[in-house]
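Note sheet for the following structure.
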Amino acid sequence: LPLYGRNADEQSKSYPKQQRVDTFSKELFNKHIIDFGCGEGEFLQAIKESLAFKSLTGVDAYIPPALHETEKIQFIPSSIIKFKTEKKYDIAFSDNVIEHISPDDLQEHLKSVNNSLVDKGKFIIIIPNRLFGPCDITRIIDNTFSGRVDAQGGHVNESTYGEKIENLKKACFSNFKTVLPSNKLRNLRLSARV
C-alpha cells in the first residue's frame with residue numbers, strides 16, 4: 001500500500017521535488033543554491049532540468065556514489081550541523097530536515113546555514129508543524145486507537161512555526177515570510193505573523 005496515499009507511478013512521471021521548484025521559482029531563478037540535507041538530490045535535479053541557476057550544491061551526511069559524478073551539481077558529503085564553506089549562496093534550502101536535528105544541535109545548524117548565505121540571502125525552510133503532528137510513521141501505525149502515541153520515529157524536533165521563528169531569530173535570521181498551501185497562490189508571500 002502506498003504510504004500517505006502516494007502513488008509511486010505518479011511520482012516517477014516527473015522529478016519528485018518539481019512542485020517545490022515551481023512554488024519557489026521566483027526565489028530560485030538564476031541563483032547560487034545550497035540544499036542542506038539534500039538526500040538523493042531530487043530538488044537540485046529538478047532545478048537543473050527546469051530553471052536557470054548559477055550553481056547548485058547539495059550537502060548531506062551520506063551522498064550516494066552515483067551522485068558523485070552528477071553534471072552541474074556539486075554534492076558534498078558532510079555534517080549539516082557544523083558545515084563551513086568559503087563560498088556564499090543566495091539561497092539555502094531545507095525540506096523536512098530540521099525536525100530530524102536534535103534540539104541541542106539546532107542553533108549550531110542554523111548558524112551554519114546563515115554563515116553559508118550572502119548578505120540578504122534567503123533560507124527556504126519546509127517543516128511540519130507540531131500542532132498537526134507528530135508527522136512521522138508513528139501516527140500511521142498507532143495501534144492504541146487513541147491517536148495520541150508520541151512520535152517514536154525520526155522526528156526529534158517538531159515545533160510550531162512561531163517556535164521555529166524564535167529559533168531562527170536567535171541565529172540572526174529576519175524578515176519571515178510564508179507561502180499559502182495553494183497552487184493558485186503559490187507566488188504570494190505573506191508575513192509569517194499571519
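Before moving on, here are some points about what is shown:
- Within the range 178-190, residues that are over 21 Å from Gly162 (Cα atoms) have Cβ atoms under 7 Å from residues that are open to solvent by 70 Å² or more (accessible area, probe 1.4 Å) and modelled with pLDDT of 80 or more in these pairs: Asn187/Lys26, counting only partners at least 6 apart in sequence or on another chain.
- Qualifying residue in the range 138-161 (condition: at pLDDT 70 or above, on the phi < 0 side of the Ramachandran plot, surrounded by 11 or more Cβ atoms within 10 Å (Cβ to Cβ) and outside any loop (DSSP other than H, G, I, E, B)): yes
- The number of residues in the range 55-72 that are open to solvent by less than 30 Å² (accessible area, probe 1.4 Å), more than 16 Å from Asp90 (Cβ to Cβ) and under 17 Å from the mean Cα position of the chain (by Cα) comes to 1.
- Any hit, the range 37-56, residues being farther than 20 Å from Asp22 by Cβ, part of a loop (DSSP other than H, G, I, E, B) and either in contact with a helix residue (DSSP H, G or I) (Cβ under 7 Å, 6 or more places away or on another chain) or not hydrophobic (A, V, I, L, M, F, W, C) (or both): yes
- Condition met for His109 (out of contact with any Asp or Glu (no Cβ under 9 Å at 6 or more places or on another chain) and open to solvent by less than 40 Å² (accessible area, probe 1.4 Å)): yes
- Some residue of the range 100-112 being within 16 Å of the chain's Cα centre (by Cα), assigned to a helix (DSSP H, G or I), β-branched (Val, Ile, Thr) and under 19 Å from Ile165 (Cβ atoms): no
- Checked against (1) of a type outside the set (D, E, K, R); (2) under 22 Å from Ile91 (Cβ atoms); (3) within 16 Å of the chain's Cα centre (by Cα); (4) at pLDDT 75 or above, Asn129 passes all but condition (2).
- Residue that is at pLDDT 90 or above, touching a Lys or Arg at 6+ places or on another chain (Cβ under 7 Å) and among the hydrophobic types (A, V, I, L, M, F, W, C), where the choices are Phe43, Phe93: Phe43
The values are calculated or read from the model by the stated rules, or taken from the named source; none is laboratory data. All figures in this text were calculated on a predicted structure; none of them were measured in a lab. Using ideal geometry, Cβ is built from the backbone for each residue, glycine included, and neighbour counts are taken over all protein chains shown. Surface areas here come from the heavy atoms of the whole protein model, side chains and all, with no ligands, DNA or RNA. Shrake-Rupley method; radii C 1.70, N 1.55, O 1.52, S 1.80 Å.
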